[in-house]
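These notes are about the structure you will find just below.
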Amino acid sequence: MSPTTEAPTFAPLAKRATLRTVVPMDYFRPVRLFLMISYLVGYLIWLKTKGLTVDRISVAIAVGIFLVCAFVGKTWRTWGVLLLDCIFYCAMWLAYEKTRGAADDGVSVFGLFRIKFPTQVESTRNIDRAMFFGNDPNVVLQEHFWSPVIRWWDVVAGATYMTHFVFPMIAMGVLWATSHRQWLRFIRRFATLLAVGCVMFVVLPTAPPWMLGDARYPYQLLPPLQRTAGRGFYHIGFGSFRDGYKVALSNGNAVAAMPSLHASFALIVPLFFMQWIRRTWIKALLFLFPIMMLASLVYLGEHWVIDGLVGWAVTFAAFWFWNRMEQRARTRRSAAARGALPALADDPEPAIGPAATVSTAEVAP
């Protein structure tokens, strides 16, 4: 061997062994992957045979089963954090359901009397007519596109409408299983959106377009509108896990149209995940989804255009608020870290345990 030739070393293997003592092997990771894939296959089979879960309890159970699969082998502390998260999640939806009905029944003040805000009927319709040069967009769309024969746009509109019941919860489940920090960031914005929506449902109860043409109500400001949001979804072989789509609707609040949470939920998911997407054309495709949702809501007679625009505005406001709050928190942490650097530099023997043997070069990628 020439003097200039160095003997092979096993430094990379030594580095890996050293890092393994700091970051132990996760032996349950393949088990979790297998369980999550099995759950996904089982959910798709359930979706085809039993139908889509559209009520809060069934959706919560479905998310809970997924989380059990995703957290197998985790520490007890992690399970404890998950339990606290689940309690907050259920409390959030319970508060939403209870507050949402106050638009119909009014708000009780110390049990002495009840305040009921007037239902908005003509104002939202007038705003839509002003935006569309004197035309009612719900009426125009149904006159031009609705027919007893189900067309492809009915399938697209129905499927888009139904994603409201599952897509935000799927996003929460994925974030829950992959990054608790990102789940917290998402849930802050989502809970803020729900809170603002609940307040507006109470103080600004709004009649949806279909109600203004329904003979059961005294308004009669629009011609009768077809309220068939589920038929396109049913046409492609899917169903609803509840007794039926109309049953699910009857359990909701009929005058909780402002803001449209369908439009808000369709925007919050792509807006949150946009931070990890770099290609412009993919971002543009993602933003087509909330536009499709709003067009579907108007065509199906479920919401006014202004309902969706206000829902989008509330979503952007929630992101703006929490972006500022999180930036301030990062700035404070950075200032605290910079302030602690001189103290660490003066300490010749920082007590950081066995990990101190691993240099910065060794842990760098």
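In 5 Å bins starting at 0, how do the alpha-carbon pair distances of region 136-228 split up by percent?
2, 10, 13, 14, 15, 15, 12, 9, 6, 2, 0
Starting with the highest mean, order 224-233, 293-302, 210-219 by the number of other Cβ atoms within 10 Å, averaged over the residues of each peptide. Walk me through the numbers before you get to the answer.
Numbers: 224-233: 20.0, 293-302: 25.0, 210-219: 15.3.
Ranking the peptides 224-233, 293-302, 210-219 by packing returns 293-302, 224-233, 210-219.
Around Met131, with a cut-off of 13 angstrom between Cβ atoms, what is the net charge of the other residues, counting Lys and Arg +1 and Asp and Glu -1? Provide the component values of the computation, followed by the final result.
Details: positive: Arg125, Arg129; negative: Asp128, Asp136, Asp307.
Here the charged neighbours net out to -1.
Return the Rg/Rh value of region 28-337, two decimal places, where both radii are evaluated on C-alpha atoms and Rh is the Kirkwood radius.
On the way: Rg = 20.8 Å, Rh = 21.2 Å.
Over the Cα atoms of region 28-337, Rg/Rh equals 0.98.
Just add up the charged neighbours of Thr192: K/R +1, D/E -1, any other residue whose Cβ is under 14 Å from the Cβ of Thr192. Spell out each step's value before the answer.
Working: positive: Arg185, Arg188, Arg189, Arg324; negative: Glu326.
So the environment of Thr192 carries a net charge of +3.
If the chain between Asn323 and Leu47 were fully stretched, how many nm would it gain, using 0.36 nm times the residue separation less the Cα-Cα distance? All intermediate terms of the calculation are to be shown ahead of the outcome.
On the way: separation 276, 0.36 × 276 = 99.36 nm, distance 3.62 nm.
Here the segment from Asn323 to Leu47 would lengthen by 95.7 nm.
Taken together, the values in this text are just the output of simple stated rules run on the coordinates, not laboratory data. All values reported here derive from a predicted model rather than from experimental measurement. Reconstructed Cβ throughout: ideal geometry from the backbone, glycine too, with neighbour counts over all protein chains shown.
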